[in-house]
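The next block holds one structure in the form of structure tokens; read it before the comments.
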Amino acid sequence: MPLKITFLGTAGTVPSVERNPSAIFIQLGSIRLLFDCGEGTQRQMMIAKTGFKIDAVFITHLHTDHFIGLFGLLETMSLNERKKRLAVYSPQARFVASLLRAFGYQELNYPVEVIELTDGDEVTFEGFKVLAFKTEHLIPSLGYAIIEKKRPGKFYRERAEELGIPPGPLRAKLVKGESIELNGRVITPDMVVGKARPGRKVVYTGDTRPCMRTIEIAENADVLIHDAAFTSDLQKWAEETMHSTAREAAEVAKTARVRKLILTHISARYSKDATPLLEEAKKVFKDTVVAEDFTMLEVKFKE
């Protein structure tokens, strides 16, 4: 099933003409998830034509550039006559729930459930899970890893033909890991099917300093989306504000052996030209890109 990432907002802290505050739309199969929801996210969704049929929202932390757009989005979905329950996952969920009550969002056309997540918590969907992990920022913050279930191993058609297994249900059972009996002989999956293959993994850090927990979670990820607010000449400021430089993000990617690094949460200093961030990161990790608003990426399976 396709795994598509659409960047709706890539700005750091404040919006610019070129960049909206943080929001990422990820679709895996029929499941549609929103990660962070900065100011103006619903308008970005209209431009990107993602639609508003969201199955869940995941908030990394409660700085307003990452969640304040949620309230307008909830109202719009109600006006669009949504009926399906919406789960909003977040650290410090009690605070988010209190804001919803204060703003009268208990009167929406559909139920909204705010659920607290902490390090190591998992939310399961059909075919994959979202794993929350602790990151290092000024306030409690989480990153999220979308981890797909393992895929069946490669089916060796030539071996099946040699064993006289006809196309159809018998081959399907073997792919599912079930043994079959054919002409009085038991045929086990390992005779025609290779080892299970890993699913895809996408990791989004939100705002963070580089940390070992991110490296641990991102190991061998297909895509790492990492905070890269500044270049290294602003190292001290990155440390004081608990953000990462492009070089630090690249070092995390290299250590975790990810396939692709995408830099986001871009400071307004680089709003018109993010080349300095890209050049700095590429010196450490070659397969790096800087996300722009409306950047779209389809994550393919490893061979």
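The values are calculated or read from the model by the stated rules, or taken from the named source; none is laboratory data. Please read all numbers here as calculations on a predicted model, not as lab measurements. Virtual Cβ from ideal backbone geometry, glycine too; neighbours counted across all protein chains shown.
For the stretch 216-275, a residue qualifies if it is buried (at least 23 other Cβ atoms within 10 Å of the Cβ) and of a type in the set (Phe, Trp, Tyr), and the qualifying residues are Phe230, Tyr270. The residue that is surrounded by the most Cβ atoms within 10 Å (Cβ to Cβ), among those in the stretch 276-287 that are in contact (Cβ under 8 Å) with a residue 40 or more places away in the chain and closer than 24 Å to Asn220 by Cα, is Ala281.
Of the strands (runs of 3 or more DSSP E) entirely within the stretch 114-175, those holding at least 2 residues that are surrounded by 13 or more Cβ atoms within 10 Å (Cβ to Cβ) and either free of Cβ contacts under 8 Å to residues at least 40 places away in the same chain or of a type in the set (Gly, Ala, Ser) (or both) occupy 128-134, 142-148.
Within the bounds of the stretch 97-106, is there any residue that is in the same structural domain as Arg209 (by TED's automatic domain parsing) and touching a Ser or Thr at 6+ places or on another chain (Cβ under 6 Å)? Before the answer, list the steps.
Start the filter on the stretch 97-106 by keeping residues that are in the same structural domain as Arg209 (by TED's automatic domain parsing), which leaves 97-106.
Now restrict to residues that are touching a Ser or Thr at 6+ places or on another chain (Cβ under 6 Å): none.
No - not one qualifying residue is present in the stretch 97-106.
Any residue at all in the stretch 134-142 that is modelled with pLDDT under 95 and either in contact with a Phe, Trp or Tyr (Cβ under 6 Å, 6 or more places away or on another chain) or among the hydrophobic types (A, V, I, L, M, F, W, C) (or both)?
First, pick out the residues of the stretch 134-142 that are modelled with pLDDT under 95: none.
Among the residues of the stretch 134-142, not one is modelled with pLDDT under 95 and either in contact with a Phe, Trp or Tyr (Cβ under 6 Å, 6 or more places away or on another chain) or among the hydrophobic types (A, V, I, L, M, F, W, C) (or both), which makes the answer no.
Meeting the requirement of 1 or more residues that are within 13 Å of the chain's Cα centre (by Cα), the strands (runs of 3 or more DSSP E) wholly within the stretch 4-91 are 23-28, 31-35, 56-58.
Of all residues in the stretch 234-256, none are within 24 Å of Ile26 (Cα to Cα) and part of a strand (DSSP E or B).
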